[in-house]
Amino acid sequence: RKEVEQDPGPFNVPEGATVAFNCTYSNSASQSFFWYRQDCRKEPKLLMSVYSSGNEDGRFTAQLNRASQYISLLIRDSKLSDSATYLCVVYHSSYKLIFGSGTRLLVRP
Amino acid sequence: EAGVTQFPSHSVIEKGQTVTLRCDPISGHDNLYWYRRVMGKEIKFLLHFVKESKQDESGMPNNRFLAERTGGTYSTLKVQPAELEDSGVYFCASSFGLAGGTDTQYFGPGTRLTVL
C-alpha cells in the first residue's frame, strides 16, 4: 500500500467550476502536509501548506483531518491556468517528503 | 534570487554507460535533496545532504548510485553503470533546514534521463 494515496483523475471541469481533491496518508506519525502543483514537464512547486485548522489562500482551501488521515484541496472559480497535476505531500521527521502520485486537473473554456 | 539549477536538462545514454547529474542549490541552503520519478510512479526520495554530510540515503536504489557534495555547495549524482530501469526524471531540491516541518523544499527543473 502506498504511503500517500490520491485519485489520479483526470478531473475535467469548465472554467468557473469548483473542484475538490482528496488524499489519504497511512503514517499517523506524519507531521506536516502540503499541496504541490506540477505543470507538465516542470518541477513541483509548493502551492500551500495544510494545517489542522484549515487554511485558505485566495481561491484555494486546504483541510486536514488527522483522525481520518485525510487531506483535501478545494479550488473555487477554476481558471484555465489551474490546469496541472496536484501532488499531495507528507513530511516525516527525517526531512524527506513523501509524494502521492498526483491528481490531474484539466480546466476547459 | 536564482532558484535550484540542474544540469543537464536531458541525457540519453546506453545501458552500461555512466552519467553524472549536477545540482546547484539556492545560495545559503545547507540542505540538499535528490528525488526521482520513474514512469508512471510517484516522486520518491533518494537522499539528503546537510552541507557536505549525507544525513539520509535510505532511498538510494543500489550501489550503482553515488551522490557527493564536496564543499557543501553543488552536488553530483553518478549512475554507473546505468540500467534501463534508471530512466526517469531526477529532481534536486534545497532548503534552509528549518525544524518542525516548516522547511520549504524548492525543486529544480529536473534532469530527464533515458537509458536505452
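The values are calculated or read from the model by the stated rules, or taken from the named source; none is laboratory data. The structure displayed is predicted, hence computed values, not measured ones. Counting neighbours? That spans all protein chains shown, and the Cβs are built from the backbone with ideal geometry, glycine included. With ligands, DNA and RNA removed, areas are computed over all heavy atoms of the protein, side chains included. Shrake-Rupley method; radii C 1.70, N 1.55, O 1.52, S 1.80 Å.
Compute the longest continuous run of chain B that contains no exposed trypsin sites (Lys or Arg not before Pro); treat a site as exposed when its DSSP state is not H, G, I, E or B and it has at most 15 other Cβ atoms within 10 Å.
B:65-116
Treating the Cα atoms of chain A as identical point scatterers in vacuum, please give the log10 of the normalised Debye intensity I(q)/I(0) at q = 0.11, 0.15 Å⁻¹, two decimals.
-0.31, -0.58
For B:VAL38 and A:SER53, what is the calculated FRET efficiency with R₀ set at 25 Å and r taken between the beta-carbons, to the nearest 0.05?
My answer for the efficiency is 0.10.
Take the alpha carbon atoms of chain B, find their radius of gyration, then divide it by 2.2 N^0.38 Å using N residues; give the quotient.
Here the answer is 1.01, to two decimals.
Find the centroid of the Cα atoms in region A:1-78 and in region B:86-116, then give the distance between the two in whole Å.
Spelled out, the Cα-based centre of one part sits 19 Å from the other.
Of the options A:SER68, A:HIS92, B:ALA82, report the single residue whose Cα projects farthest towards the positive end of the charge dipole of the protein assembly as shown (beta-carbon charges: Lys, Arg +1; Asp, Glu -1).
B:ALA82
Could you give each residue of region A:53-68 its phi-based ³J(HN,Hα) in whole Hz, using Karplus coefficients 6.51, -1.76, 1.60 with θ = phi - 60°, and x for Gly or Pro?
Values per residue, Gly and Pro as x: 7, x, 8, 10, 9, x, 7, 9, 10, 10, 10, 10, 10, 5, 4, 8 Hz.
Probe radius 1.4 Å, ligands and nucleic acids left out: can you give me the accessible area buried at the B-A interface, summed over both chains, in Å² to the nearest hundred?
Adding both sides of the contact gives about 1700 Å².
Is the shape of the protein assembly as shown rounded, prolate or oblate, going by the alpha carbon gyration tensor and its root eigenvalues a ≥ b ≥ c, with a/c under 1.5 for rounded and a/b larger than b/c for prolate?
Since a/c reaches 1.5 and a/b is larger than b/c, the shape of the protein assembly as shown is classed as prolate.
Cα to Cα, under 12 Å, and not fewer than 8 places away if on the same chain: which aspartates and glutamates meet these conditions relative to B:LYS78?
In chain and number order, the partners are B:GLU68, B:ASP86.
Once amide H atoms are placed 1.01 Å from N in the peptide plane, what residues at a sequence separation of 5 or more from B:MET60, or on another chain, have their amide H within under 5 Å of its amide H?
Placed amide hydrogens put nothing under 5 Å from B:MET60.
Compute the signed sum of charges (Lys and Arg +1, Asp and Glu -1) over the other residues within less than 15 Å, Cβ to Cβ, of A:VAL4.
+3
Counting only protein heavy atoms and using a 1.4 Å probe, what share of the accessible area of region B:3-77 belongs to carbon plus sulfur, as a whole percent?
Summing carbon and sulfur atoms, their accessible area is 48 percent of the total for region B:3-77.
Counting Lys and Arg as +1 and Asp and Glu as -1, each charge on the Cβ, what is the dipole of the protein assembly as shown about the Cα centre in debye, to the nearest 20?
About 320 debye.
Would you please name the GluC sites (Glu not before Pro) within region B:18-116 that are DSSP coil residues with at most 16 other C-beta atoms within 10 Å of their C-beta?
The qualifying sites are B:GLU52, B:GLU57, B:GLU83.
Using label points projected 7 Å from each Cα along Cα→Cβ, tell me how many nm separate B:LEU116 and B:SER58, to one decimal.
With each label point 7 Å from Cα toward Cβ, the separation is 3.8 nm.
Calculate, in nm to one decimal, what A:SER28 and A:ARG1 gain on full extension: separation in residues at 0.36 nm each, minus their alpha carbon distance.
Once the chain is fully extended between A:SER28 and A:ARG1, it gains 8.3 nm.
With a/c under 1.5 counting as rounded, go ahead and sort region B:1-52 into rounded, prolate or oblate using the C-alpha gyration tensor (a ≥ b ≥ c being the square roots of the eigenvalues; past the cut-off, prolate if a/b is larger than b/c, else oblate).
Prolate, since a/c reaches 1.5 and a/b exceeds b/c.
Using amide H atoms built 1.01 Å from N in the peptide plane, name the residues 5+ places from A:PHE11, or on other chains, whose amide H lies under 5 Å from its own.
For A:PHE11, whose amide H was placed from the backbone, the distant partners under 5 Å are A:ARG104, A:LEU105, A:LEU106.
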